[in-house]
1. So, restricting to helices (runs of 4 or more DSSP H) that lie completely within the stretch 9-85, which ones have at least 3 residues that are β-branched (V, I, T)?
2. Can you pull out the residues in the stretch 34-84 that are acidic (D, E) and over 22 Å from I17 (Cα atoms)?
3. K22 passes all but one of (1) surrounded by 10 or more Cβ atoms within 10 Å (Cβ to Cβ); (2) under 21 Å from the mean Cα position of the chain (by Cα); (3) modelled with pLDDT of 85 or more; which number fails?
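The values are calculated or read from the model by the stated rules, or taken from the named source; none is laboratory data. Quantities reported herein were computed from a predicted structural model and do not represent experimental measurements. In this analysis, Cβ positions are derived from the backbone assuming ideal geometry, glycine residues included, and neighbour counts consider all displayed protein chains.
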Amino acid sequence: MNKAKNQGMSERLSIRIDKETKEEFKARLESEGKIISDVVILWIKDYLASGSSEGNDLEALRKQVNSLNSKVNRIEEDLLGKLPA
């Protein structure tokens, strides 16, 4: 984002950060041709677009549990098929 893109933005957001971290962050972004505000705004928009992180974490866990259940079921079926009648 450049100044033309920021013209519609009037709100400010302040954070506290130690000087060393800020300077390192700023230097890295400058070396990449980026501006701190642009990166932070992008992070915020991405975060908001992703929805609740708790919901995402729960959904990921649910998928893992379902996958593990499927694997256990296949193993049980294989083992039961190998048992003598």
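1. Details: elements: 19-31, 36-50, 53-82.
Filter on the stretch 9-85 gives 36-50, 53-82.
2. Residues of the stretch 34-84 acidic (D, E): 38, 46, 54, 57, 59, 76-78.
Answer for the stretch 34-84, where residues must be acidic (D, E) and over 22 Å from I17 (Cα atoms): E54, D57, E59, E76, E77, D78.
3. Among (1) surrounded by 10 or more Cβ atoms within 10 Å (Cβ to Cβ); (2) under 21 Å from the mean Cα position of the chain (by Cα); (3) modelled with pLDDT of 85 or more, K22 violates only (2).
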